[in-house]
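All remarks here apply to the structure that follows.
The values are calculated or read from the model by the stated rules, or taken from the named source; none is laboratory data. What you are looking at is a predicted structure, and each value in this text was computed from that prediction instead of being measured. Ideal geometry is used to build each Cβ from the backbone, glycine not excepted, and the neighbour counts take in all protein chains shown. Ligands, DNA and RNA are excluded from the accessible area calculation, which covers all protein heavy atoms including side chains. Shrake-Rupley method; radii C 1.70, N 1.55, O 1.52, S 1.80 Å.
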Amino acid sequence: MPERNPPGMLHATWLVARKDLAIEFRTRTAFFSALLFALLGLTIFYFAWDPTAVAAIDLAPGVLWVIFVFSGLLGLQRSFSVEQADRAIDALLAAPVDREAIYLGKALANFLFVAAVQAISLPALALFYNLPVSQAFLPIAGIAVLAAIGIVSVGTMFSSMAVNTRLAELLLPMLALPFFIPIVMAAAVSTSRLLAGRPVADVMPWLRILVAFDLVFVVACTLAFPYTLEE
Amino acid sequence: MPPALSATEAVTRSVVMAEGLVRAFSGRRAVDNVTFSLDAGECLALFGPNGAGKTTLLRLLAGLLSPTSGSCSIGGTVLRSGSTARGQVGLVSHASMLYAPLTALENVEFTARMYGLRDPRAAARAALHTMRVLDRADTPVRSLSRGLQQRVSIARAIVHAPQLLLCDEPYTGLDDVGSGALTAALTERREAGAALLLVTHNLSEGLALATHAAIMRRGKFVRFESRADVHASSYALEYRELAAADA
(Lines give C-alpha, C1' and ligand atoms only; values in the text may rest on other atoms or scores of the structure.)
Protein backbone atom coordinates (compact mmCIF):
# COMPACT_ATOMS: atom_id res chain seq x y z
CA MET A 1 0.00 0.00 0.00
CA PRO A 2 1.41 3.47 -0.87
CA GLU A 3 2.45 5.70 2.00
CA ARG A 4 -0.31 8.13 2.92
CA ASN A 5 -0.65 11.24 4.97
CA PRO A 6 -4.11 12.68 4.30
CA PRO A 7 -4.05 16.47 4.02
CA GLY A 8 -5.09 18.58 6.97
CA MET A 9 -7.78 21.25 6.78
CA LEU A 10 -5.57 24.03 5.39
CA HIS A 11 -3.76 21.81 2.90
CA ALA A 12 -7.03 20.32 1.63
CA THR A 13 -8.49 23.83 1.36
CA TRP A 14 -5.57 24.88 -0.80
CA LEU A 15 -5.80 21.71 -2.95
CA VAL A 16 -9.49 22.35 -3.70
CA ALA A 17 -8.90 26.05 -4.40
CA ARG A 18 -5.94 25.32 -6.67
CA LYS A 19 -7.96 22.75 -8.59
CA ASP A 20 -10.83 25.22 -9.09
CA LEU A 21 -8.44 27.94 -10.20
CA ALA A 22 -6.73 25.52 -12.62
CA ILE A 23 -10.14 24.71 -14.16
CA GLU A 24 -10.98 28.42 -14.45
CA PHE A 25 -7.55 29.21 -15.86
CA ARG A 26 -8.00 26.43 -18.42
CA THR A 27 -11.48 27.54 -19.55
CA ARG A 28 -11.52 31.24 -18.56
CA THR A 29 -15.26 31.28 -19.30
CA ALA A 30 -16.51 32.54 -15.95
CA PHE A 31 -13.77 35.14 -15.51
CA PHE A 32 -14.20 36.69 -18.93
CA SER A 33 -17.99 36.57 -18.63
CA ALA A 34 -17.84 38.34 -15.26
CA LEU A 35 -15.31 40.88 -16.49
CA LEU A 36 -17.27 41.56 -19.64
CA PHE A 37 -20.44 41.94 -17.57
CA ALA A 38 -18.70 44.41 -15.25
CA LEU A 39 -17.29 46.53 -18.08
CA LEU A 40 -20.55 46.48 -20.05
CA GLY A 41 -22.44 47.46 -16.91
CA LEU A 42 -20.10 50.40 -16.34
CA THR A 43 -20.53 51.47 -19.96
CA ILE A 44 -24.34 51.27 -19.85
CA PHE A 45 -24.53 53.19 -16.58
CA TYR A 46 -22.12 55.78 -18.00
CA PHE A 47 -24.24 56.46 -21.09
CA ALA A 48 -27.47 56.46 -19.06
CA TRP A 49 -25.99 58.98 -16.61
CA ASP A 50 -26.89 62.66 -16.75
CA PRO A 51 -23.93 64.48 -15.10
CA THR A 52 -26.01 67.65 -14.71
CA ALA A 53 -28.57 65.81 -12.56
CA VAL A 54 -26.37 63.51 -10.40
CA ALA A 55 -22.76 64.06 -9.43
CA ALA A 56 -20.34 61.25 -10.36
CA ILE A 57 -19.28 60.90 -6.77
CA ASP A 58 -22.89 60.14 -5.74
CA LEU A 59 -23.63 57.69 -8.55
CA ALA A 60 -20.36 55.75 -8.82
CA PRO A 61 -20.41 53.85 -5.48
CA GLY A 62 -23.86 52.41 -6.21
CA VAL A 63 -22.84 51.44 -9.75
CA LEU A 64 -19.64 49.85 -8.46
CA TRP A 65 -21.33 47.63 -5.89
CA VAL A 66 -24.22 46.59 -8.09
CA ILE A 67 -21.68 45.50 -10.70
CA PHE A 68 -19.45 43.72 -8.18
CA VAL A 69 -22.37 41.76 -6.75
CA PHE A 70 -23.83 40.62 -10.06
CA SER A 71 -20.50 39.83 -11.72
CA GLY A 72 -19.55 37.88 -8.57
CA LEU A 73 -22.72 35.82 -8.91
CA LEU A 74 -21.54 34.63 -12.33
CA GLY A 75 -18.44 33.10 -10.75
CA LEU A 76 -20.34 31.68 -7.79
CA GLN A 77 -22.79 30.01 -10.14
CA ARG A 78 -19.96 28.13 -11.78
CA SER A 79 -18.33 27.09 -8.51
CA PHE A 80 -20.45 23.96 -8.05
CA SER A 81 -21.65 23.47 -11.61
CA VAL A 82 -18.15 22.23 -12.53
CA GLU A 83 -18.55 19.60 -9.81
CA GLN A 84 -21.97 18.57 -11.00
CA ALA A 85 -21.16 17.96 -14.68
CA ASP A 86 -19.77 14.43 -14.33
CA ARG A 87 -20.56 14.03 -10.63
CA ALA A 88 -16.98 15.00 -9.72
CA ILE A 89 -18.47 16.16 -6.43
CA ASP A 90 -18.88 12.48 -5.46
CA ALA A 91 -15.13 11.87 -5.78
CA LEU A 92 -14.49 15.02 -3.77
CA LEU A 93 -16.89 13.99 -1.00
CA ALA A 94 -15.48 10.46 -0.90
CA ALA A 95 -11.97 11.80 -0.23
CA PRO A 96 -10.63 11.53 3.33
CA VAL A 97 -10.76 15.26 4.00
CA ASP A 98 -13.08 17.30 6.17
CA ARG A 99 -16.02 18.59 4.17
CA GLU A 100 -15.49 22.01 5.69
CA ALA A 101 -12.20 22.09 3.74
CA ILE A 102 -14.12 21.62 0.49
CA TYR A 103 -16.26 24.66 1.34
CA LEU A 104 -13.25 26.75 2.35
CA GLY A 105 -11.35 25.74 -0.80
CA LYS A 106 -14.29 26.68 -3.01
CA ALA A 107 -14.74 29.96 -1.12
CA LEU A 108 -11.03 30.78 -1.46
CA ALA A 109 -11.12 30.19 -5.23
CA ASN A 110 -14.29 32.30 -5.48
CA PHE A 111 -12.69 35.05 -3.43
CA LEU A 112 -9.68 35.22 -5.76
CA PHE A 113 -12.08 35.24 -8.71
CA VAL A 114 -14.17 38.13 -7.32
CA ALA A 115 -11.03 40.01 -6.24
CA ALA A 116 -9.56 39.70 -9.75
CA VAL A 117 -12.77 41.12 -11.30
CA GLN A 118 -12.72 43.92 -8.72
CA ALA A 119 -9.05 44.69 -9.42
CA ILE A 120 -9.90 45.43 -13.05
CA SER A 121 -13.33 47.01 -12.55
CA LEU A 122 -12.27 49.53 -9.90
CA PRO A 123 -9.71 51.38 -12.09
CA ALA A 124 -12.21 51.18 -14.96
CA LEU A 125 -14.84 52.88 -12.79
CA ALA A 126 -12.38 55.62 -11.80
CA LEU A 127 -11.60 56.16 -15.47
CA PHE A 128 -15.24 56.27 -16.63
CA TYR A 129 -16.41 58.65 -13.90
CA ASN A 130 -13.15 60.58 -13.47
CA LEU A 131 -13.12 59.77 -9.74
CA PRO A 132 -10.45 60.92 -7.30
CA VAL A 133 -9.63 57.38 -6.11
CA SER A 134 -5.89 57.87 -5.62
CA GLN A 135 -6.15 59.32 -2.08
CA ALA A 136 -8.75 56.75 -0.96
CA PHE A 137 -7.47 53.78 -2.94
CA LEU A 138 -6.19 51.67 -0.03
CA PRO A 139 -9.28 52.08 2.19
CA ILE A 140 -11.56 51.33 -0.80
CA ALA A 141 -9.46 48.27 -1.65
CA GLY A 142 -9.84 47.16 1.98
CA ILE A 143 -13.61 47.59 1.78
CA ALA A 144 -13.64 45.62 -1.47
CA VAL A 145 -11.76 42.75 0.21
CA LEU A 146 -14.11 42.70 3.22
CA ALA A 147 -17.18 42.83 0.97
CA ALA A 148 -15.76 40.08 -1.28
CA ILE A 149 -15.27 37.80 1.75
CA GLY A 150 -18.91 38.31 2.74
CA ILE A 151 -20.19 37.78 -0.80
CA VAL A 152 -18.25 34.55 -1.38
CA SER A 153 -18.94 33.09 2.07
CA VAL A 154 -22.71 33.33 1.56
CA GLY A 155 -22.62 32.79 -2.20
CA THR A 156 -20.51 29.63 -2.06
CA MET A 157 -22.87 28.09 0.44
CA PHE A 158 -25.99 28.90 -1.59
CA SER A 159 -24.28 27.79 -4.80
CA SER A 160 -23.85 24.30 -3.31
CA MET A 161 -27.54 24.25 -2.39
CA ALA A 162 -28.85 25.65 -5.69
CA VAL A 163 -26.77 23.49 -8.01
CA ASN A 164 -28.92 20.40 -7.44
CA THR A 165 -32.09 22.18 -8.46
CA ARG A 166 -33.48 22.63 -11.96
CA LEU A 167 -33.57 26.41 -11.57
CA ALA A 168 -30.05 26.83 -10.23
CA GLU A 169 -29.33 29.99 -12.27
CA LEU A 170 -32.45 31.65 -10.88
CA LEU A 171 -32.33 30.23 -7.38
CA LEU A 172 -28.80 31.35 -6.48
CA PRO A 173 -29.50 35.10 -6.90
CA MET A 174 -32.87 34.72 -5.18
CA LEU A 175 -31.27 33.02 -2.16
CA ALA A 176 -28.10 35.10 -2.00
CA LEU A 177 -29.16 38.66 -2.85
CA PRO A 178 -31.15 39.28 0.36
CA PHE A 179 -28.05 38.32 2.33
CA PHE A 180 -25.91 40.67 0.22
CA ILE A 181 -27.99 43.74 1.18
CA PRO A 182 -26.05 44.55 4.40
CA ILE A 183 -22.76 44.12 2.49
CA VAL A 184 -23.78 46.37 -0.39
CA MET A 185 -25.21 48.97 1.99
CA ALA A 186 -22.08 49.13 4.15
CA ALA A 187 -19.68 49.02 1.20
CA ALA A 188 -21.54 51.61 -0.91
CA VAL A 189 -21.92 54.11 1.95
CA SER A 190 -18.26 53.68 2.95
CA THR A 191 -17.05 54.07 -0.64
CA SER A 192 -19.19 57.15 -1.14
CA ARG A 193 -17.84 58.84 1.99
CA LEU A 194 -14.23 57.99 1.20
CA LEU A 195 -14.59 59.30 -2.35
CA ALA A 196 -16.03 62.53 -0.88
CA GLY A 197 -12.75 62.98 0.99
CA ARG A 198 -14.02 62.02 4.44
CA PRO A 199 -11.49 60.34 6.80
CA VAL A 200 -11.41 56.58 7.37
CA ALA A 201 -12.57 57.12 10.98
CA ASP A 202 -15.85 58.38 9.54
CA VAL A 203 -16.64 55.01 7.97
CA MET A 204 -15.50 52.81 10.84
CA PRO A 205 -19.03 51.86 11.98
CA TRP A 206 -19.76 50.54 8.48
CA LEU A 207 -16.44 48.69 8.37
CA ARG A 208 -17.31 47.06 11.70
CA ILE A 209 -20.57 45.84 10.17
CA LEU A 210 -18.63 44.33 7.27
CA VAL A 211 -16.14 42.61 9.59
CA ALA A 212 -18.93 41.28 11.80
CA PHE A 213 -20.85 40.00 8.77
CA ASP A 214 -17.72 38.26 7.48
CA LEU A 215 -16.93 36.62 10.81
CA VAL A 216 -20.48 35.41 11.39
CA PHE A 217 -21.08 34.08 7.89
CA VAL A 218 -17.66 32.50 7.31
CA VAL A 219 -18.03 30.52 10.53
CA ALA A 220 -21.74 29.74 10.09
CA CYS A 221 -21.43 28.70 6.43
CA THR A 222 -18.34 26.57 7.10
CA LEU A 223 -20.17 24.70 9.84
CA ALA A 224 -23.43 24.40 7.88
CA PHE A 225 -21.89 23.35 4.56
CA PRO A 226 -21.59 19.58 5.29
CA TYR A 227 -25.34 19.45 5.96
CA THR A 228 -26.17 20.99 2.58
CA LEU A 229 -24.58 17.97 0.92
CA GLU A 230 -26.86 15.42 2.56
CA GLU A 231 -29.31 13.78 0.16
CA MET B 1 -13.70 -26.41 12.97
CA PRO B 2 -12.30 -22.86 13.26
CA PRO B 3 -12.84 -21.14 16.64
CA ALA B 4 -15.80 -18.76 16.71
CA LEU B 5 -14.81 -15.11 16.38
CA SER B 6 -16.06 -12.47 18.78
CA ALA B 7 -17.96 -9.56 17.25
CA THR B 8 -14.94 -7.28 17.76
CA GLU B 9 -12.57 -9.76 16.10
CA ALA B 10 -14.94 -10.17 13.18
CA VAL B 11 -15.11 -6.40 12.67
CA THR B 12 -11.33 -6.12 12.83
CA ARG B 13 -10.80 -8.91 10.28
CA SER B 14 -13.46 -7.72 7.87
CA VAL B 15 -12.54 -5.12 5.30
CA VAL B 16 -16.17 -4.09 5.13
CA MET B 17 -19.00 -4.93 7.47
CA ALA B 18 -22.56 -3.69 6.97
CA GLU B 19 -25.07 -4.35 9.72
CA GLY B 20 -28.79 -3.77 9.26
CA LEU B 21 -28.14 -1.06 6.72
CA VAL B 22 -31.28 0.88 5.82
CA ARG B 23 -31.60 3.93 3.60
CA ALA B 24 -35.00 5.43 2.96
CA PHE B 25 -35.96 8.23 0.57
CA SER B 26 -39.28 9.88 1.42
CA GLY B 27 -40.30 6.83 3.39
CA ARG B 28 -39.44 4.33 0.63
CA ARG B 29 -36.61 1.99 1.57
CA ALA B 30 -34.05 1.89 -1.25
CA VAL B 31 -31.79 -0.28 0.92
CA ASP B 32 -33.63 -2.40 3.42
CA ASN B 33 -31.84 -4.12 6.28
CA VAL B 34 -28.76 -5.27 4.39
CA THR B 35 -26.18 -7.17 6.42
CA PHE B 36 -22.99 -8.65 5.00
CA SER B 37 -19.25 -8.59 5.41
CA LEU B 38 -16.28 -9.11 3.14
CA ASP B 39 -12.82 -10.14 4.26
CA ALA B 40 -9.54 -9.26 2.59
CA GLY B 41 -9.27 -10.69 -0.91
CA GLU B 42 -12.99 -11.39 -1.24
CA CYS B 43 -15.12 -10.16 -4.12
CA LEU B 44 -18.88 -9.86 -4.04
CA ALA B 45 -20.65 -9.78 -7.39
CA LEU B 46 -23.94 -7.99 -6.83
CA PHE B 47 -26.75 -8.46 -9.32
CA GLY B 48 -30.22 -7.04 -9.39
CA PRO B 49 -32.83 -5.46 -11.61
CA ASN B 50 -32.95 -1.71 -12.16
CA GLY B 51 -34.06 0.13 -9.04
CA ALA B 52 -33.11 -2.73 -6.73
CA GLY B 53 -30.97 -0.40 -4.59
CA LYS B 54 -27.51 -1.47 -5.76
CA THR B 55 -26.23 2.03 -6.48
CA THR B 56 -27.67 3.35 -3.21
CA LEU B 57 -25.86 0.56 -1.35
CA LEU B 58 -22.59 1.53 -3.04
CA ARG B 59 -23.11 5.19 -2.16
CA LEU B 60 -23.71 4.20 1.47
CA LEU B 61 -20.52 2.14 1.51
CA ALA B 62 -18.56 5.01 -0.07
CA GLY B 63 -19.74 7.41 2.63
CA LEU B 64 -21.69 9.54 0.14
CA LEU B 65 -24.98 8.80 1.88
CA SER B 66 -25.65 8.36 5.55
CA PRO B 67 -27.79 5.38 6.53
CA THR B 68 -31.27 5.91 7.92
CA SER B 69 -30.39 3.13 10.36
CA GLY B 70 -27.76 0.46 10.71
CA SER B 71 -24.05 0.96 10.35
CA CYS B 72 -21.15 0.25 8.08
CA SER B 73 -17.51 -0.06 9.02
CA ILE B 74 -14.43 -0.16 6.83
CA GLY B 75 -11.42 -1.89 8.34
CA GLY B 76 -13.06 -1.69 11.75
CA THR B 77 -13.75 2.06 11.58
CA VAL B 78 -17.37 3.17 11.40
CA LEU B 79 -17.77 5.05 8.13
CA ARG B 80 -19.61 8.05 9.52
CA SER B 81 -17.24 8.61 12.40
CA GLY B 82 -14.77 10.58 10.33
CA SER B 83 -12.89 10.89 7.13
CA THR B 84 -10.28 8.17 7.85
CA ALA B 85 -12.49 5.28 6.79
CA ARG B 86 -13.41 7.02 3.53
CA GLY B 87 -9.73 6.99 2.60
CA GLN B 88 -9.86 3.18 2.42
CA VAL B 89 -12.56 3.17 -0.25
CA GLY B 90 -12.34 3.56 -4.02
CA LEU B 91 -15.45 4.15 -6.12
CA VAL B 92 -16.09 3.58 -9.82
CA SER B 93 -19.51 4.88 -10.74
CA HIS B 94 -21.75 5.38 -13.79
CA ALA B 95 -20.47 8.95 -14.03
CA SER B 96 -16.78 9.51 -14.70
CA MET B 97 -16.38 11.84 -11.67
CA LEU B 98 -13.66 13.67 -13.61
CA TYR B 99 -13.10 17.34 -14.39
CA ALA B 100 -13.43 17.67 -18.16
CA PRO B 101 -11.14 20.73 -18.57
CA LEU B 102 -8.24 19.08 -16.68
CA THR B 103 -5.95 16.48 -18.21
CA ALA B 104 -6.11 12.80 -17.30
CA LEU B 105 -2.92 13.15 -15.23
CA GLU B 106 -4.17 16.29 -13.42
CA ASN B 107 -7.41 14.54 -12.51
CA VAL B 108 -5.74 11.44 -11.08
CA GLU B 109 -2.98 13.47 -9.44
CA PHE B 110 -5.56 15.68 -7.72
CA THR B 111 -7.15 12.56 -6.22
CA ALA B 112 -3.73 11.27 -5.16
CA ARG B 113 -3.07 14.57 -3.37
CA MET B 114 -6.48 14.50 -1.68
CA TYR B 115 -5.65 11.03 -0.32
CA GLY B 116 -2.26 12.26 0.86
CA LEU B 117 -0.05 9.98 -1.22
CA ARG B 118 3.63 10.72 -0.77
CA ASP B 119 4.47 11.04 -4.46
CA PRO B 120 1.15 11.92 -6.09
CA ARG B 121 2.48 12.40 -9.61
CA ALA B 122 4.25 9.03 -9.66
CA ALA B 123 1.17 7.32 -8.18
CA ALA B 124 -1.07 8.98 -10.79
CA ARG B 125 1.22 7.92 -13.63
CA ALA B 126 1.34 4.35 -12.26
CA ALA B 127 -2.48 4.18 -12.07
CA LEU B 128 -2.82 5.50 -15.63
CA HIS B 129 -0.22 2.95 -16.74
CA THR B 130 -2.21 0.17 -15.04
CA MET B 131 -5.29 1.22 -17.03
CA ARG B 132 -3.18 1.49 -20.22
CA VAL B 133 -4.00 5.14 -20.74
CA LEU B 134 -0.67 6.72 -19.78
CA ASP B 135 -0.03 7.76 -23.38
CA ARG B 136 -3.05 10.12 -23.06
CA ALA B 137 -1.98 11.50 -19.67
CA ASP B 138 -1.64 15.07 -20.94
CA THR B 139 -4.89 15.10 -22.90
CA PRO B 140 -7.82 17.04 -21.41
CA VAL B 141 -10.50 14.59 -20.32
CA ARG B 142 -13.09 16.35 -22.49
CA SER B 143 -11.08 15.31 -25.58
CA LEU B 144 -11.04 11.62 -24.63
CA SER B 145 -13.55 9.07 -25.86
CA ARG B 146 -16.11 7.62 -23.41
CA GLY B 147 -14.08 4.44 -23.06
CA LEU B 148 -10.84 6.28 -22.34
CA GLN B 149 -12.63 8.49 -19.83
CA GLN B 150 -13.83 5.33 -18.09
CA ARG B 151 -10.24 4.07 -17.92
CA VAL B 152 -9.09 7.38 -16.40
CA SER B 153 -12.00 7.20 -13.96
CA ILE B 154 -10.90 3.72 -12.86
CA ALA B 155 -7.30 4.96 -12.54
CA ARG B 156 -8.65 7.73 -10.28
CA ALA B 157 -10.46 5.13 -8.15
CA ILE B 158 -7.44 2.83 -7.70
CA VAL B 159 -4.65 5.43 -7.40
CA HIS B 160 -4.65 5.25 -3.59
CA ALA B 161 -4.74 1.43 -3.52
CA PRO B 162 -8.07 1.27 -1.63
CA GLN B 163 -8.85 -1.57 0.76
CA LEU B 164 -12.44 -1.64 -0.52
CA LEU B 165 -13.11 -1.06 -4.20
CA LEU B 166 -16.73 -0.39 -5.16
CA CYS B 167 -17.44 -0.76 -8.87
CA ASP B 168 -20.79 0.10 -10.43
CA GLU B 169 -20.91 -1.38 -13.94
CA PRO B 170 -17.18 -0.74 -14.40
CA TYR B 171 -16.93 -2.53 -17.76
CA THR B 172 -19.42 -0.16 -19.43
CA GLY B 173 -17.84 1.54 -22.43
CA LEU B 174 -14.55 -0.35 -22.23
CA ASP B 175 -13.03 -2.06 -25.25
CA ASP B 176 -11.08 -5.34 -25.02
CA VAL B 177 -7.88 -3.58 -23.97
CA GLY B 178 -9.69 -1.57 -21.31
CA SER B 179 -11.62 -4.61 -20.05
CA GLY B 180 -8.40 -6.61 -19.83
CA ALA B 181 -6.67 -3.78 -17.95
CA LEU B 182 -9.61 -3.50 -15.55
CA THR B 183 -9.73 -7.23 -14.86
CA ALA B 184 -5.96 -7.23 -14.24
CA ALA B 185 -6.27 -4.22 -11.92
CA LEU B 186 -9.15 -5.79 -9.95
CA THR B 187 -7.24 -9.08 -9.67
CA GLU B 188 -4.16 -7.21 -8.50
CA ARG B 189 -6.19 -5.34 -5.85
CA ARG B 190 -7.69 -8.62 -4.61
CA GLU B 191 -4.30 -10.27 -4.38
CA ALA B 192 -3.07 -7.26 -2.42
CA GLY B 193 -5.77 -7.94 0.17
CA ALA B 194 -8.49 -5.55 -0.91
CA ALA B 195 -12.17 -6.48 -0.95
CA LEU B 196 -14.20 -5.79 -4.08
CA LEU B 197 -17.88 -5.14 -4.59
CA LEU B 198 -18.82 -5.43 -8.23
CA VAL B 199 -22.27 -4.34 -9.39
CA THR B 200 -23.15 -5.62 -12.83
CA HIS B 201 -25.98 -6.93 -14.97
CA ASN B 202 -23.60 -9.26 -16.79
CA LEU B 203 -23.54 -12.55 -14.86
CA SER B 204 -20.52 -14.15 -16.54
CA GLU B 205 -18.50 -10.92 -16.10
CA GLY B 206 -19.42 -10.66 -12.43
CA LEU B 207 -19.04 -14.32 -11.53
CA ALA B 208 -15.61 -14.53 -13.21
CA LEU B 209 -14.00 -12.51 -10.41
CA ALA B 210 -16.36 -13.21 -7.54
CA THR B 211 -15.81 -15.19 -4.36
CA HIS B 212 -19.40 -14.42 -3.36
CA ALA B 213 -22.52 -13.56 -5.30
CA ALA B 214 -25.69 -11.80 -4.25
CA ILE B 215 -28.96 -10.80 -5.83
CA MET B 216 -30.62 -7.65 -4.62
CA ARG B 217 -34.29 -6.90 -5.05
CA ARG B 218 -36.37 -4.06 -3.63
CA GLY B 219 -33.53 -3.06 -1.33
CA LYS B 220 -32.91 -6.50 0.16
CA PHE B 221 -30.41 -9.26 -0.48
CA VAL B 222 -32.64 -12.12 -1.65
CA ARG B 223 -29.64 -14.39 -2.31
CA PHE B 224 -26.14 -14.25 -0.82
CA GLU B 225 -23.82 -17.19 -1.21
CA SER B 226 -20.31 -18.32 -1.86
CA ARG B 227 -19.27 -18.48 -5.50
CA ALA B 228 -18.63 -22.21 -5.08
CA ASP B 229 -22.33 -22.72 -4.33
CA VAL B 230 -23.46 -20.79 -7.39
CA HIS B 231 -24.40 -22.75 -10.48
CA ALA B 232 -24.22 -20.16 -13.23
CA SER B 233 -27.10 -21.48 -15.33
CA SER B 234 -29.66 -21.82 -12.50
CA TYR B 235 -28.47 -18.53 -11.03
CA ALA B 236 -28.97 -16.82 -14.38
CA LEU B 237 -32.45 -18.27 -14.64
CA GLU B 238 -33.40 -17.11 -11.17
CA TYR B 239 -31.97 -13.66 -11.79
CA ARG B 240 -33.93 -13.31 -15.03
CA GLU B 241 -37.14 -14.37 -13.28
CA LEU B 242 -36.58 -11.81 -10.52
CA ALA B 243 -35.82 -9.06 -13.02
CA ALA B 244 -38.89 -9.95 -15.05
CA ALA B 245 -41.08 -9.94 -11.94
CA ASP B 246 -40.09 -6.32 -11.24
CA ALA B 247 -40.44 -5.15 -14.85
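Structure above, values below:
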read-out	value
Interchain or long-range residues, amide H under 5 Å from B:LYS220's placed H	B:ASP32
With DNA, RNA and ligands ignored, accessible area of A:PHE25 (1.4 Å probe; Å², nearest 10)	140
Reach of B:LYS54 by Cα under 12 Å, taken over aspartates and glutamates that are not fewer than 8 positions away in the same chain	B:ASP32, B:ASP168, B:GLU169
Principal-axis tilt of helix A:137-162 within chain A, Cα atoms, nearest 10 degrees	40
Selection of trypsin sites (Lys or Arg not before Pro), the range B:102-150, meeting DSSP coil and at most 16 other Cβ within 10 Å	B:ARG118
A:THR13 accessible area, 1.4 Å probe, all protein chains in place, Å² to nearest 10	20
³J(HN,Hα) computed for each position of the range B:44-55 - Karplus, 6.51 cos²θ - 1.76 cosθ + 1.60, integer Hz, glycine/proline x	9, 8, 10, 10, x, x, 4, x, 6, x, 5, 5
Relative contact order (%) - criterion: Cα under 8 Å, at least six apart; region: chain B	26
With all protein chains modelled, accessible area of B:GLU188 [1.4 Å, Å²]	100
Size of electric dipole in chain A: Cβ of Lys, Arg +1 and of Asp, Glu -1, about Cα centre, debye, nearest 20	280
Peptide B:91-100 - average C-beta neighbours from other chains (10 Å radius)	6
3J(HN,Hα) from dihedral phi, the range B:120-125, Karplus parametrisation 6.51/-1.76/1.60, rounded to Hz, x for glycine, proline	x, 5, 5, 5, 5, 5
Accessible surface buried once A binds B (1.4 Å probe; total of both sides; Å²)	3000
The protein assembly as shown - accessible surface per residue (Å², probe 1.4 Å)	43
Debye intensity ratio in log₁₀ form over the Cα atoms of the protein assembly as shown, taken at each q of 0.07, 0.14 Å⁻¹	-0.45, -1.26
³J(HN,Hα), Karplus 6.51/-1.76/1.60, whole Hz, each residue of the range A:200-214, x for Gly, Pro	4, 4, 5, 10, 4, x, 5, 5, 5, 4, 4, 4, 4, 4, 4
Which of A:THR29, A:PHE128, A:ALA220, positive extreme of dipole for chain A (C-beta unit charges)	A:PHE128
Positive-end residue, the protein assembly as shown charge dipole about Cα centroid, Cβ charges, pick of B:SER37, A:GLY142, B:LEU164	A:GLY142
The range A:146-166-the range B:39-112 distance, computed between alpha-carbon centres (Å)	27
Average beta-carbon neighbours from other chains, 10 Å sphere, peptide B:114-124	5
Cα-based convex hull, the range B:96-161, per residue volume (Å³, whole number)	64
R0 of 30 Å, Cβ-Cβ distance A:PHE137-A:THR29: FRET efficiency to nearest 0.05	0.50
Residues with amide H under 5 Å from that of B:VAL16, placed H, sequence gap 5 or more	B:LEU38, B:GLY75
